[in-house]
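The values are calculated or read from the model by the stated rules, or taken from the named source; none is laboratory data. For clarity, every value in this text was computed on a predicted model and none was experimentally measured. Backbone-built Cβ (ideal geometry, glycine too); neighbour counts: all protein chains shown. Note: accessible area is taken over every heavy atom of the protein model, side chains too, but ligands, DNA and RNA are not part of it. Shrake-Rupley method; radii C 1.70, N 1.55, O 1.52, S 1.80 Å.
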Amino acid sequence: MTKANGQAAPSLPPLSIHGQYVKDFSFENPNPLEVFGSDNHNKQPQIAIDIQVNAEPVGDKAFEVVLHIRADAKREQQQLFLTEISYAGLVSLGDVAQEDIGPLLMIHCPALLFPFARHLIADATRNGGFPPLMLDPVDFARLYQDQKKEASPQQKASA
């Protein structure tokens, strides 16, 4: 990009984060008396983690990227806790190629948001009376590739 006087105009960064925030957050501890009063509290729980990423346009080259994380912990079919968070960022894209938009929004943005959501989940589980749930790092590139493979041909055409 060039200005009228021949000087190069400063290029915008490929990705700018204008803000990040909690959209929705819940922690449920439905059976505290049974969980903390039972003899099998030393047994390892089974924890199922589900992570999804969505990006919606909110303006010209501006997007809301939302990282959804759900952690469901059970021990021998007894619900220990359930926590869900939707953690979002308002981002804008600079001058990037069309093929780079998906990876920027669905890989790089959630990778930047993840540490903050991880911290909130760890605090919530600790405050709920359990050891802090420290989520392992997430390979958002693999998640993006899996999501692209699962997309229907109609969804691929509109993307």
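In the range 75-159, what percent of the accessible surface is made up of carbon and sulfur (1.4 Å probe, ligands and nucleic acids excluded)?
54
State the extension gain, in nm to one decimal, for the chain segment bounded by S26 and E76, taking 0.36 nm per residue of separation less the distance between their alpha-carbons.
Result for the pair: 15.7 nm of gain on full extension.
Within 15 Å, Cβ to Cβ, of G129, how many net charges do the neighbouring residues add up to if Lys/Arg are +1 and Asp/Glu are -1?
-1
Could you list the square roots of 5 times each eigenvalue of the Cα gyration tensor of the range 31-159, that is, the equivalent ellipsoid semi-axes, sorted largest first and rounded to whole Å?
Calculated on Cα positions only, the semi-axes equal 36, 16, 11 Å.
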